[in-house]
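Asks: The structure that follows is given in the form of structure tokens.
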Amino acid sequence: MVSFEMIRVSPRSVLCLALVAFNVSASARGVRVWSDAELMKMSELAVIARPVSSTALNETNLLGYSPFSSFHGFRGVDTTFKVLDVLKGAPRNDRIVVHHYLEDLRPDDCPGFIQFPDGNTNHYTLYLVKDGPDRYAPATGQIDPEQSVKLLEDKRQFPGLFPLLPPAADADPAIRHAVQVHVPVRLLAERTEDAIVIKTDEIMATNLTVGSNVFTGTSMDVDIYCRGKRLDFGPDSLQSEFADGSCDETLHRDVWGIPKPGEKYTIIIKLTLFETDEPPQHMWSPQSGNYYKVLCERDFKLMVP
């Protein structure tokens, strides 16, 4: 048989227990449980993010509760997160600030709401609404914020098939550093029985300057012409980081349908080295970044007899 002991509870403790959103008992106020679909619908921004830092604000708020002798309100906090995936909305960059509250130091036995200690590397799904021009707040409100912040048990798993990453907040193209890369200055195209082989015949060292905390990449746009008409394909490529060195490519007939016997081809190649604040990702569009810049460009025209 289970026995229960009568415990005397002070008025101060009763208020603290009433504020607990993590453990709701029959004697505490009722807390609505939101489904993920409801949270997504009511949110203006939904992201997967990792906490970076928290800043205590010179702000207190009673959040609708009556003060008593030792309770002076809840302390405002701004927590900065690095965005890892965007599920809804469009953050300005990969840093967002979430405004929330912690318990006042008085009473010290009153439990907190949500907090992110220094060194926290967990990943969270955040359901948020706007709280001014440059920050957000929990979608479920400041009294019950824990339902808007969900810990991902396995940080490798994301709800979306591919993450959507916003531009880097700390990219600064005004602060630059020097790098040296090797780029082709002459390409040759050779025809074989069943392929067209593009080879680098000469390369040269090139000095570039690159912005601070930007992403670099290389694109190669290939247009192929036959009898003056552009074919509807080309082995275009896009890669993160600089392609340092040769620019070789083989076009096999069983893949590209060329070369055909008796046909002559003209191949136009544009090689571009660039920087951008748009991070590499699925369907990467570096030109859509705020700081996209072409650093080096080479054009080649190859004749295939």
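The values are calculated or read from the model by the stated rules, or taken from the named source; none is laboratory data. Remember, predicted model here, so these are calculated numbers, not experimental data. Neighbour counts are summed over all protein chains in view; Cβ atoms, including those assigned to glycine, are modelled from backbone coordinates with ideal geometry.
Asks: If you go through the stretch 266-290, how many residues are surrounded by 19 or more Cβ atoms within 10 Å (Cβ to Cβ) and either farther than 18 Å from Asn213 by Cα or hydroxyl-bearing (Ser, Thr, Tyr) (or both)?
Replies: Count: 4.
Asks: Tell me, which residue of the stretch 259-284 that is among the aromatic types (Phe, Trp, Tyr) and at pLDDT 95 or above is nearest to Pro166 (Cα to Cα)? Walk me through how you get there before you give the answer.
Replies: Residues of the stretch 259-284 that are among the aromatic types (Phe, Trp, Tyr), as a first pass: 265, 274, 284.
Next, from what is left, pick out any that are at pLDDT 95 or above: 265, 274.
On the way: Tyr265: 41, Phe274: 18 Å.
That would be Phe274.
Asks: If I ask for residues that are acidic (Asp, Glu), more than 18 Å from Ala56 (Cβ to Cβ) and either touching a Gly at 6+ places or on another chain (Cβ under 9 Å) or modelled with pLDDT under 90 (or both), which ones from the stretch 66-105 would you list?
Replies: Taking the stretch 66-105 first, the residues acidic (Asp, Glu) are 78, 85, 94, 103-104.
Now drop any that are not more than 18 Å from Ala56 (Cβ to Cβ), which leaves 85, 94.
Selection gives Asp85 alone.
Asks: Continuing with this model, one more query. Pick out the one residue from Asp170, Asp232 that is without any contact (Cβ under 8 Å) to a residue 24 or more places away in the chain, assigned to a loop (DSSP other than H, G, I, E, B) and charged (D, E, K, R). First the steps, then the outcome.
Replies: Values: Asp170 fails: without any contact (Cβ under 8 Å) to a residue 24 or more places away in the chain.
Checking each option against the conditions leaves just Asp232.
Asks: What is the one condition in (1) in contact (Cβ under 8 Å) with a residue 60 or more places away in the chain; (2) surrounded by fewer than 14 Cβ atoms within 10 Å (Cβ to Cβ) that Pro259 does not satisfy?
Replies: Failing condition for Pro259: (2).
Asks: Let me ask something additional. Can you pull out every residue in the stretch 244-258 that is modelled with pLDDT of 90 or more and among the aliphatic types (A, V, I, L, M)?
Replies: Listed by number, the residues that qualify are Leu251, Ile258.
Asks: Report, by residue number, each residue of the stretch 111-128 that is at pLDDT 85 or above and surrounded by 17 or more Cβ atoms within 10 Å (Cβ to Cβ).
Replies: At the first step, the residues of the stretch 111-128 found to be at pLDDT 85 or above are 116, 122-128.
Across the stretch 111-128, the qualifying residues are Phe116, His123, Tyr124, Thr125, Leu126, Tyr127, Leu128.
Asks: With Val179, Val197 as the choices, which residue is out of contact with any Ser or Thr (no Cβ under 7 Å at 6 or more places or on another chain) and of a type in the set (A, V, I, L, M, F, W, C)?
Replies: Details: Val197 fails: out of contact with any Ser or Thr (no Cβ under 7 Å at 6 or more places or on another chain).
Selected residue: Val179, the only one of Val179, Val197 that is out of contact with any Ser or Thr (no Cβ under 7 Å at 6 or more places or on another chain) and of a type in the set (A, V, I, L, M, F, W, C).
Asks: Here is a further query. Across the stretch 129-163, what is the total count of residues that are at pLDDT 90 or above, closer than 14 Å to Leu87 by Cβ and in a loop (DSSP other than H, G, I, E, B)?
Replies: Qualifying residue count for the region: 1.
Asks: Which of the residues spanning the stretch 252-272 are among the β-branched types (Val, Ile, Thr) and under 12 Å from Cys226 (Cβ atoms)?
Replies: Within the stretch 252-272, the first condition is being among the β-branched types (Val, Ile, Thr), and the residues that meet it are 255, 258, 266-269, 272.
Ile258, Thr266, Ile267 - these are the residues of the stretch 252-272 that are among the β-branched types (Val, Ile, Thr) and under 12 Å from Cys226 (Cβ atoms).
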